[in-house]
Each structure stands twice: as structure tokens, then as C-alpha cells.
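The values are calculated or read from the model by the stated rules, or taken from the named source; none is laboratory data. For clarity, every value in this text was computed on a predicted model and none was experimentally measured. All Cβ positions, even for glycine, are placed from backbone atoms using ideal geometry, and neighbour counts span all protein chains on display. Ligands, DNA and RNA are excluded from the accessible area calculation, which covers all protein heavy atoms including side chains. Shrake-Rupley method; radii C 1.70, N 1.55, O 1.52, S 1.80 Å.
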There are 2 protein chains.
Amino acid sequence: MKLNIIPLGGTGEIGKNLLVFEYEDSIVVIDGGVKFPDDELLGIDLVIPDISYLEKRKDKIKGIFVTHGHEDHIGGLPFILPRLNVPVYATKLTIGLVRAKVQERGGYPDSLFRVLEPGKPVQAGEFEVEAFRVTHSIPDAVGYSLLSPVGRVIYTGDFKVDYTPIDGHEMDLSKLAEWGQEGVLALLCDSTNAERPGMTMSERVVGKTLRDWFARAEGKIIMATFASNVHRIQQAIDAAMELKRKVCVVGRSMEQVVRTAHELGYLHLPAEDMLVDVGEINNFSHSRLLVLTTGSQGEPFAALTRMATGNHRQVNVAPGDTVIISATPVPGNEKLIGRTINHLYQIGAEVVTKDMGLVHVSGHACQEEIKLVIRLTRPKFLIPHHGEVRHQVALRKIGQSLGYEEKQIPITQLGTRVVITPEKMEIGDRVEAGSVYVDGLGIGDVGQIVLRDRKQLSKDGVVVVVVGLTRGKGVPHSIVSGPDIISRGFTFMKEANDLIEGAKNNATVAIEVQLKQESWEWGVMRAAIHESLSNYFWDKTRRRPMILPVLLQV
Amino acid sequence: MKLNIIPLGGTGEIGKNLLVFEYEDSIVVIDGGVKFPDDELLGIDLVIPDISYLEKRKDKIKGIFVTHGHEDHIGGLPFILPRLNVPVYATKLTIGLVRAKVQERGGYPDSLFRVLEPGKPVQAGEFEVEAFRVTHSIPDAVGYSLLSPVGRVIYTGDFKVDYTPIDGHEMDLSKLAEWGQEGVLALLCDSTNAERPGMTMSERVVGKTLRDWFARAEGKIIMATFASNVHRIQQAIDAAMELKRKVCVVGRSMEQVVRTAHELGYLHLPAEDMLVDVGEINNFSHSRLLVLTTGSQGEPFAALTRMATGNHRQVNVAPGDTVIISATPVPGNEKLIGRTINHLYQIGAEVVTKDMGLVHVSGHACQEEIKLVIRLTRPKFLIPHHGEVRHQVALRKIGQSLGYEEKQIPITQLGTRVVITPEKMEIGDRVEAGSVYVDGLGIGDVGQIVLRDRKQLSKDGVVVVVVGLTRGKGVPHSIVSGPDIISRGFTFMKEANDLIEGAKNNATVAIEVQLKQESWEWGVMRAAIHESLSNYFWDKTRRRPMILPVLLQV
């Protein structure tokens, strides 16, 4: 009697969450997220989990259960669902967001979307799956309990313990306590903030701070935040209402989320006429406007970035405007957001960031909240999930501080099975797992070789050497045209005449040495040209452009 | 009677500091730094200030005065000095570091290096230049007073107010007060930390924290910090001595700084035999070792990074080792350093970062220190320097809080003159200024066109299309070879047969359309192939590789 837990994403990393639970012939999947590419993944748009393991076991999959509507939990579904064709279970808002996302890439059968309610278990093969409410930076977030003959396993999903949530839906701590009394085999716990002591503050404090800044503002207020943070948006709208400002929503993802959340009843507009179209904002005085927008991460094409650089068609930033960046930079984005802030100051706007007051709080649990959940559920085994190694290790330390032993808290790795029986937990073998790169329409056609080439091209460009040789089979051949040189991204050619002439001479010498051989081969000739020019350019410039010899028989 | 102050670097940015002071026929330059390239400057190694303005006025330049030995103040000198051939003035350690740096790129006449002492003025044309001691994260740092017939201008250089500096050299606040009493026309002030309230803590507190962590460590201690932070290194060495650990210095820049600082008397070794060579570290028990190393920013080739990934030839990290990262991530490096931390945890090391205690303090003044310097010097005009726009604006706000008016505090821009007379300050015209890119041996040969090409190449690679056409002047021509296609960084070719065949067909059609024209031109033919393939690839892949058509007459 064994339960296998296999993280295909979200462990040892933040992003592309995908957890597999397997008991005999039943597989239940939780989430299917994306990760945004690191800088060295040149040209890659998205990174999704490798689901080969699931594709080979399609028949066993009873469903994909989704915890909440953030990209790192649902962004992979447009790619994953069509390949698995299984039901998707989630709460109402999450299903709404998944549906909208899947639509963009071809859709998915309506019958496979299943709205579930927290507290009402769903039978999925041998698993009884029950969602429980958690609080997080998006409404309608849940964690899951998976009850199988081996015992109960709980995955928190992304959570914080917010005692005063904006929508009144508290985290279901009582349910966790109840399960804890009955006996929990394993707890998979969000580790994102496990390095941070204390407790994450309630979303409600942000509302208060926003209202204070709003009240002080004289010109336009432009507030950038994550589009999915519906409660943040609700609080901004409420403050705007109170201060008699109209609200204008700008930016594709912000417009989409506001529409979906409003349609499904998750966003409340205190007055029907309080939203104004972006085309109409010039009809209102600046002091009567709140612009809600995207770009809190400094993303080059997001609305706030374009406003800051004077490249937005409809909204400009004026001296005296107040720009509130209600977010924290995702690691790697610090420079981009810094650039936006500088542009805004250059214009003469007031800029309010997290450093100046509580205009943002995290959506993840800090150490004391994690301790609470462990104490309530009293699991036999504790599995840090949703985090890099540093976060997993931090969660292990929290567990140890509560009396767990190291061997009860595994640091899991992508694709490695955690095998659990009612008595013990072991690390099993490794299944096929990893990252699949999405580049344009291509899924998985860009791998290490292509990326290595892109890296070389990005640093020093490309040099094409074109040589025409005499036709015919017998020796001797001779050069009849070229070598000619075309380069891109290497050096500014117009000022590099000497360099290029030298390169031609070097190539000629290399070719002629080959031609003098009794017999010569195309491959060897190309290699000789490559080596000669590679050395020559390194000597002269300390650069290594990609060299592509093109030989033609003329 | 006019003094011109022209920032050629270091304003609106952090990095490549270079300030020009011009009074009639006298020019004095302060600093000549580098900036490290942003991510979008693909392949660029360094960014240095454009000094065209100075090159055209060589004869007027009386000297370059250097504030301290950090890269962003001296890193440009190997490129700048040979082009100006003027004396360099600095304190002893700074001269030592400049000399070592200039040596690497060909050297500079010994007679042009002038060691100066704080408090002893140097006449440089119409300027009387006097250095005054400041405290900063490198020893022997100074600011400068420039006295000209227009009045006295003071530049703080990089500073903090450390009342308990490690080397006992306090910041010369009395001198600033004295000049303040006499009358100061303008103060150029370090703005780096102008957004931060309060005071930066003394370097001395770091020594205490380090000693505590050292005392707790059981295995090896590996401490990474900025090589130039000689006082930090001194404190680590002192703590190691006390706890009977030997010290091993690893990493090129760390070894170089330790050598220079020791030779010049800025670093004190409490026992002659306490340094051990990296080759010998296996002769010592782990619990008796402190490794001082580079890589606190996660730089891919730095020593700590290689140790963390098991790629360092001599030093490995073992479970139970303590790794102290005694630095703060420079914006943009957060992800790299995070990766190193994850690798270290994976190995099972303890990792100590700034978040866990005071293992690092800044070298720059916070708001209260800036106020102190303004109050002491009582300048007529206040010029925020050494900072991005956000920092300059923050410094302006500090000035305003002390009663200055906005017009007394200009937000300067690169290359724009600040013109000062004893009565007033104005913004003048803009001189030639900007960034020059260093790529390998090339200085300035990579510009926007090359960078744009590199960007395209980095995202979607390159496709070379080779076509042989019949020789001869008369129409009709025909295709005799190809079109053949070579690509790199575009897609994994072995699995893209259909795509490539389709591309060949498209190219053939485009060529034949041209060949049917009454007359055709090479350029038009190339453009037609380019357009046809560009559209084809976009349709099929949503990518835009660089397309290079190569036409040959065969």
C-alpha cells in the first residue's frame, strides 16, 4: 500500500507548479503552472513542466485539481490540458480564469470544467479529494486534502493566514484541526516565505495605506499592481469611491481580470458609473481619477512602463501625479522597475513604493503561520513545497524547531518520487521531468543546442564567409569567388575595413592550404576556415563571433 | 566669472563617475569610472564615459583627481588616461590601485602618478584643489574642495559618516565646518542612499557580527565580500586570529587587493604565518580555516560561485561549512546570488546573508548624514550627484527639508553644464557625452546597430539562405543551386524538416518571381527572399530569425 507523490514542477524552484499523486491505478494532478524564463533562456517565452510521465499514463489520471488562478499554477494548462484531456476541478473564479486562459490557445471542452466547492469532497479514483479555503493574494484560493487508503495527505497550496480577509472567506483552520485530530500522514506546505520570521500582515492594512495616499494626492493617481490581486483592486476601488474619484482600468490583463472577477461576482463596484473608459479620461479632471494598471514589475510592454516613457497612447503621466507601485519586485525585475521609477521622477511625479509604507503585503505565510498549520494538522511527515532549495531548507528548520526529525522532512527534487506508506516515507526513483520551453508557437523545439547558439550569437554576433570554388571532381580546385564576408552583431563594419580584409586573407590562406592537399573534403575545409577565422578574430578583437563558412561550387 | 561643472558620468546613474570642473583655461577632472553593462547591452564588457569633450580640450586639463579606488571611480582610467596624458592625483592606496589597474592595459608613465595628502592643497591651474578625508567602504577615500576665483565648491565623493572607522581615520567634519564658515558656493553630494532615513551603521558593527558567526561555526568558514573592502577583510582576519583560524585568500581580485593593501600598509596581519596558500588548505582541519573569497554577487566565474557548483579546483564546500555572504546584492544580481545560495544549501552548508544579521553595512550616507554635511558646509547651491534620478530627487527633498528652494537644487543630466557665478546658478548647454562600450579589445566599435542585431540574434537566431544563379549578363537567369538553408539558434533543425522544406519552396518562388522580371537587381532579389522567409517563419513559428540571403553567380 503505497502512495507516490511526484513533483513535476514547483520544487527547488518558484514557478510551474505541478504535483502528481499516484495510488495504484489512480492519478490525481494538482495545478499546471508556468515559470517565466531566466535571462539565459534567450528568446524563450515561457517554461512549462515536462509532462511525459503523465502523457504515458493518461488513462489513470482522474483529474487536475487547481488551487488558485495565478500564472505559476494555471499558466501551463493551455499546453497541458489538450495533451491529457482530463477533467479540471477548481473553485468558481479559478475555473473562470483557467477557461479564459485556455480559450486563448484553442479552448477545451466545456464538459471537462468542473466547479467544486470547498468542503464538498470529490471522488477521483481511489482518492477522495476535498478542497479547503485558504487566504492568498487572489480570491477563491484553496488547498487540498487527498484521502487514499494509505492515509490523508494535505497540500496547503499558496497561502497566508489572513484573519481579516477582504471577502470574509477565512482560511478553514477548523477543518485543518479536525483532520489533524483524525490523523494526517503528510503535509505539503508552501515554503515561499519560510525564511521570514513573524507573520505576514493582512491584506486589509494595504487598504488603509492606499486610502491615506489617495487622500493626500492632488493630481491623477496611477496605481500599478498584479492584475490578479482582486482584493487589492477592490480596496483601491472602494477608496476611490470614498474620495470621489472615477476609476479607469488600463492594461490587457488588468482589464481581463476585472471583467472576469466582476462577472463572477468577486469584484464589487459601489456605483455603476464609477468605471470610465480609457478613451474618456480626458473628460475628467486629474484630481477625480484613479488609473488602475499593469506594469508593477517594470515589464517593457506593460501599461505603466509605457506611460512612464511617454509611449502610452491614451494615458500620460503629468508632474504632480501620484504613482503607487503596489507590489514587490519579483527577483530579477529590480532593475526594470527601478528604471520605471526613474522615468516617473524625471517627469516630476510622486512615486510611492513598498519602502515608503504598506502599499503591498505578501500572499505567502511567514514562519509563525507555517508553524500554526503544522501544529493544527500534526502530520507524520512534512514536505516543503513551492520554493527554492533555500526555502525548503528554511521550512525544514521550522519543522525541526517543532520537534520533527530531519528524516521526516525531505527536500524533494523535480521528478523524484516520495513514496509513503502508513508507516514510513522514502525517496524513490526519478521519473522523466524537467522544463519544456515555449518559444512562439514552438513547444519543446528549442533545447540546449539552440540556446547555446543564441548565447554565442548574442555576445559576439555572426560572420558568414562565402567562397565559390571551381566545379568538377578532379583536383586541383581553385577559388573563383570570394571569400566574401557578411557579419551581423559583430562590429560596426564600415569602420572595420582592415579587420575584414585581414579576415579574407586568412580565409584564403586556410582554403589554399586545403586545396593543395591530395584530396580534400567539404567538412574539413569548413573546419579549417572556421578555425583560421576564429583565431584571427580572437587575436584582433577578443571576441568569438559564430563563424558560418558557406562553400559553393561555381 | 563663471565656473562650469559638467558631469560626464555618475549623474542619473550609478556608475562611471566623471566630473569636469572648468574655469576659463583650467579644467580639473574628478574620477574616471566604469559601469557594468545592463542586460540589454549584449556582449558588452564595460561601459565607460564618452570623453570627447575632454579630448578636444586636453591642453586645459590640469589633472585627474581620484576620490577612492572603487571600480565605478577608477575602472575607466585604463581607457581614459592614455588618451589624455595628464597627471593623476590621489591618496596612496588609491594610486596603488589605479596603478595596478592601468598596468593591466599597457601602463602609464610613472611621473604622472601623484600621491596627495588630505589637507595639503594642490594648485591645478586656477583651481586650488584640496582633498579631505571621508569614511567609506574602502580605506583612503577622500572628497575634494575646489577653490577658484568664483568660490569654493565641495564634492563629497562617496561617503558615509562613520564615527568609529576601523583605521582610525575619521571623516574630516571640522574642515567641512571651517569651509562652511568661510562660505561654500556649491556642494555636490553623494545621493546613493538619499532615499533611506536615519544613519548608516559603522563598519565596526560588522566586525562584531562576524566574530559571533565565526565563533559558532564548526566546519570551514567561507566568507565572500567585495575585494576592495579592506576594513571588512581586516575585521575578518582579526576575528580569525582570535579564534585561531588560518586565513586563505581565494579569487583574483581579492588576492590582488590584499597584496596591494598589505604592501602599502593598509592591511595588518596579526601573525606572519596566518595566511595559508590555497594549495595547502587540505593540510588544515576545516575548523581551523577561514576562506576569504570573491563572488558575493553570484558572478558566474567568481570563486564562490565555482565552489558552490563544485567547479573550483582547490576549494570545495562541505556539509556543515558556514558560508557568509558579507555584501548586499547590487540591483540586477539578486537572481545570480540566489542561485549560489541554493547551491550552497543543496550541499548542506549553513548560509549567512545580510538578512540574518549585520554581516554587511552600506558605504553610503543615509538622510541624517547628508543633512549633517549640508548643515556643516552651508552651501549656496546643492547639487545631487552619484545617483539615479530617484536618488537625486530624494536628495533634493532632503535639501528642501532644510530650507533650500527647488531652484537651488538642480537635477543634473549627463553632459549638461551647470554654470555657477558667485551670485547664481544656471543650467547651460549640453556637451558631447554618453556611454562608450568596451567589448573585448574594441572601444566604441559596438553601437546601436550592432546591439540591435545581437538582440535579434539572441531571441530567434539566424537563417542563411544560399542560392546559386546562372552566370552571365543577359536575362533569363535561373537557379542552379539551392536555395540551401543553414540556421543557428532558430530551431532544432533535425526535427524541422517540413519547416525547412517549406522555407526552400517559399524562397524558390520569391526568386523565380524576380527572375521573371525584365531586369532584376541583387538588392531587390535579396529583399524579396528576406520578406518571403520572414513572413513564412512568422506564420509557422511566431519567430523572427535574422535572415541573411547569400546569392552567388555560378
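Only one entry of A:Gly76, A:Gly96, A:Gly69 meets the criterion of being small (Gly, Ala, Ser), in contact with a Lys or Arg (Cβ under 8 Å, 6 or more places away or on another chain) and touching a residue at least 60 places away in the same chain (Cβ under 8 Å), and that entry is A:Gly76.
When B:Leu515, B:Leu552 are checked against the criterion of being buried (at least 18 other Cβ atoms within 10 Å of the Cβ) and touching a residue at least 12 places away in the same chain (Cβ under 8 Å), B:Leu552 stands alone in meeting it. Against the test of being in the same structural domain as A:Pro49 (by TED's automatic domain parsing), under 21 Å from A:Ile48 (Cα atoms), of a type outside the set (A, V, I, L, M, F, W, C) and assigned to a loop (DSSP other than H, G, I, E, B), the options A:Gly69, A:Gly119 yield a single qualifying residue, A:Gly69. Taking B:Lys58, is it out of contact with any strand residue (DSSP E or B) (no Cβ under 7 Å at 6 or more places or on another chain) and of a type in the set (Lys, Arg)? Answer is yes for this residue. Can you confirm whether segment A:467-476 contains a residue that is within 23 Å of B:Gly447 (Cα to Cα), among the β-branched types (Val, Ile, Thr) and at pLDDT 85 or above? No: segment A:467-476 contains no residue that is within 23 Å of B:Gly447 (Cα to Cα), among the β-branched types (Val, Ile, Thr) and at pLDDT 85 or above. Inside segment B:8-46, residues that are among the hydrophobic types (A, V, I, L, M, F, W, C) and either within 14 Å of chain A (Cβ to nearest Cβ) or not in a strand (DSSP E or B) (or both) make up a count of 7.
Every residue, every condition in (1) more than 21 Å from A:Thr412 (Cβ to Cβ); (2) in the same structural domain as A:Leu188 (by TED's automatic domain parsing); (3) touching a His at 6+ places or on another chain (Cβ under 8 Å); (4) open to solvent by 10 Å² or more (accessible area, probe 1.4 Å), yes or no:
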| residue | (1), (2), (3), (4) |
| --- | --- |
| A:Gly9 | no, yes, no, no |
| A:Asp31 | no, yes, yes, no |
| A:Phe36 | yes, yes, no, yes |
| A:Ile44 | yes, yes, no, yes |
| A:Leu54 | no, yes, no, no |
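Applying the criterion of being under 13 Å from B:Leu290 (Cβ atoms) and in a helix (DSSP H, G or I) to the residues of segment B:239-257, the residue that is farthest from the chain's Cα centre (by Cα) is B:Glu242. B:Ile237 satisfies every condition listed in (1) within 22 Å of B:Thr94 (Cβ to Cβ); (2) surrounded by fewer than 16 Cβ atoms within 10 Å (Cβ to Cβ) except (2). When B:Leu185, B:Leu176 are screened for being touching a Gly at 6+ places or on another chain (Cβ under 7 Å), at pLDDT 95 or above and either of a type outside the set (A, V, I, L, M) or not assigned by TED's automatic domain parsing to the domain that holds B:Glu299 (or both), only B:Leu185 passes. Can you confirm whether segment B:342-353 contains a residue that is facing chain A (nearest Cβ under 9 Å) and closer than 30 Å to B:Pro384 by Cβ? No - not one qualifying residue is present in segment B:342-353. When A:Gly403 is tested against the conditions (1) open to solvent by 10 Å² or more (accessible area, probe 1.4 Å); (2) of a type in the set (Gly, Ala, Ser); (3) within 23 Å of B:Asn342 (Cα to Cα); (4) at pLDDT 95 or above, the lone failure is (3). In the set (1) open to solvent by 30 Å² or more (accessible area, probe 1.4 Å); (2) assigned to a helix (DSSP H, G or I); (3) within 14 Å of chain A (Cβ to nearest Cβ); (4) over 22 Å from A:Gln553 (Cα atoms), the condition left unmet by B:Arg526 is number (4).
Residue-level analysis places A:Arg245 outside the set of residues that are in contact with a Ser or Thr (Cβ under 7 Å, 6 or more places away or on another chain), among the charged types (D, E, K, R), open to solvent by less than 40 Å² (accessible area, probe 1.4 Å) and not assigned by TED's automatic domain parsing to the domain that holds A:Arg390.
Any residue in segment B:196-212 that is surrounded by fewer than 21 Cβ atoms within 10 Å (Cβ to Cβ), in a loop (DSSP other than H, G, I, E, B) and among the aliphatic types (A, V, I, L, M)? Yes: segment B:196-212 contains one or more residues that are surrounded by fewer than 21 Cβ atoms within 10 Å (Cβ to Cβ), in a loop (DSSP other than H, G, I, E, B) and among the aliphatic types (A, V, I, L, M).
For segment A:430-470, the tally of residues that are more than 7 Å from every other protein chain (Cβ to nearest Cβ), in a loop (DSSP other than H, G, I, E, B) and either among the polar types (S, T, N, Q) or closer than 21 Å to A:Pro549 by Cβ (or both) stands at 1. Looking across segment A:438-450, the residues that are in contact (Cβ under 8 Å) with a residue 24 or more places away in the chain and open to solvent by less than 30 Å² (accessible area, probe 1.4 Å) come down to A:Val438, A:Asp439, A:Gly440, A:Val446.
The residue that is nearest to B:Gly75 (Cα to Cα), counting only those in segment B:102-111 that are open to solvent by less than 40 Å² (accessible area, probe 1.4 Å) and in contact with a helix residue (DSSP H, G or I) (Cβ under 8 Å, 6 or more places away or on another chain), is B:Val102. Of the set (1) modelled with pLDDT of 95 or more; (2) open to solvent by 10 Å² or more (accessible area, probe 1.4 Å); (3) out of contact with any Asp or Glu (no Cβ under 8 Å at 6 or more places or on another chain), all apply to B:Gly125 but (3). The numbered conditions (1) in contact with a His (Cβ under 9 Å, 6 or more places away or on another chain); (2) away from chain A (no Cβ under 14 Å) are all true for B:Gln553 except (2).
The numbered conditions (1) outside the structural domain of B:Val142 (by TED's automatic domain parsing); (2) at pLDDT 95 or above; (3) in contact with an Asp or Glu (Cβ under 9 Å, 6 or more places away or on another chain) are all true for B:Met223 except (3). Only residues that are surrounded by 19 or more Cβ atoms within 10 Å (Cβ to Cβ) and either in a loop (DSSP other than H, G, I, E, B) or within 12 Å of chain B (Cβ to nearest Cβ) (or both) were counted across segment A:380-400, and they come to 12.
Being assigned to a loop (DSSP other than H, G, I, E, B) and modelled with pLDDT of 90 or more is a description that applies to B:Phe490.
Inclusion of A:Glu531 among residues that are within 22 Å of A:Lys455 (Cα to Cα) and surrounded by fewer than 19 Cβ atoms within 10 Å (Cβ to Cβ) is warranted.
Flag: A:Ala349 does not match the condition of being of a type in the set (A, V, I, L, M, F, W, C), at pLDDT 95 or above and touching a Phe, Trp or Tyr at 6+ places or on another chain (Cβ under 7 Å).
Here is a yes/no grid of residues against (1) out of contact with any helix residue (DSSP H, G or I) (no Cβ under 8 Å at 6 or more places or on another chain); (2) among the basic types (Lys, Arg); (3) at positive phi; (4) not assigned by TED's automatic domain parsing to the domain that holds B:Ser458:
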residue: B:Leu499; (1), (2), (3), (4): no, no, no, no
residue: B:Val513; (1), (2), (3), (4): no, no, no, no
residue: B:Trp520; (1), (2), (3), (4): no, no, no, no
residue: B:Val524; (1), (2), (3), (4): no, no, no, no
residue: B:Leu533; (1), (2), (3), (4): no, no, no, no
residue: B:Arg544; (1), (2), (3), (4): no, yes, no, no
residue: B:Leu548; (1), (2), (3), (4): yes, no, no, no
